[in-house]
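Okay, structure first, notes after.
The values are calculated or read from the model by the stated rules, or taken from the named source; none is laboratory data. Just so we're clear, the structure is a prediction, and the values are computed from it rather than from any experiment. All Cβ positions, glycine included, derive from the backbone under ideal geometry; neighbour counts span all protein chains shown. Areas reflect the complete protein model, heavy atoms only, side chains present, ligands, DNA and RNA absent. Shrake-Rupley method; radii C 1.70, N 1.55, O 1.52, S 1.80 Å.
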Amino acid sequence: MHELSLAEGIRGIVEEQARVHGFSRVTRLRLEIGRFAGVEKPALAFAWDVVMRGSPAEGAELEMLDLPGLAVCYDCMKTV
């Protein structure tokens, strides 16, 4: 379940930014997830609630935004 490690990585970023910018609470976090990311959203939502306990993001809403899949053709360098 790599969603647990994703949530732990996000927690690290939130805690680092809290130190740098001096905030103590996050109420909502918007996360962009590309179509090809292989993220199981229900698993990430479950991991989110568990991992964020005791952090500035405890109780914060996780808003997951779907991004379309994009690829680059290395022959013509067009994005498709």
*By how many nm would the segment from V80 to V39 grow when fully extended, if each residue of separation counts as 0.36 nm and the alpha-carbon distance is taken off?*
12.6 nm
_Using only Cα atoms and rounding to the nearest 10 degrees, what angle (0 to 90) does helix 2-21 make with the longest principal axis of the chain?_
60
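For the chain, count the residues as N, evaluate 2.2 N^0.38 Å, and divide the Cα radius of gyration by that value, please.
Computed over Cα atoms of the chain, the ratio equals 1.32.
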*So for the chain: antiparallel DSSP bridges make up what percent, rounded to the nearest 5?*
10
*C73 to I13: extension gain in nm, 0.36 nm per residue of separation minus the Cα-Cα distance?*
18.4 nm
*Using alpha carbons only, how many degrees (0 to 90, rounded to 10) separate the axis of helix 41-51 from the longest principal axis of the chain?*
30
_Selection of chymotrypsin sites (Phe, Trp or Tyr not before Pro), the range 32-63, meeting DSSP coil and at most 12 other Cβ within 10 Å_ = F36
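Could you grab the relative contact order for the range 1-74? Cα pairs under 8 Å, six or more apart, rounded to a whole percent.
On the way: 84 pairs, mean separation 32.5, N = 74.
With pairs under 8 Å counted, the relative contact order is 44 percent.
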*asked:* Using protein chains only and a probe of 1.4 angstrom, how many square angstrom of R53 are accessible, to the nearest 10?
replied: 150
_Paramagnetic reach from L29 in the range 50-80 [backbone N under 17 Å; point 7 Å along Cα→Cβ]_ = 50-66
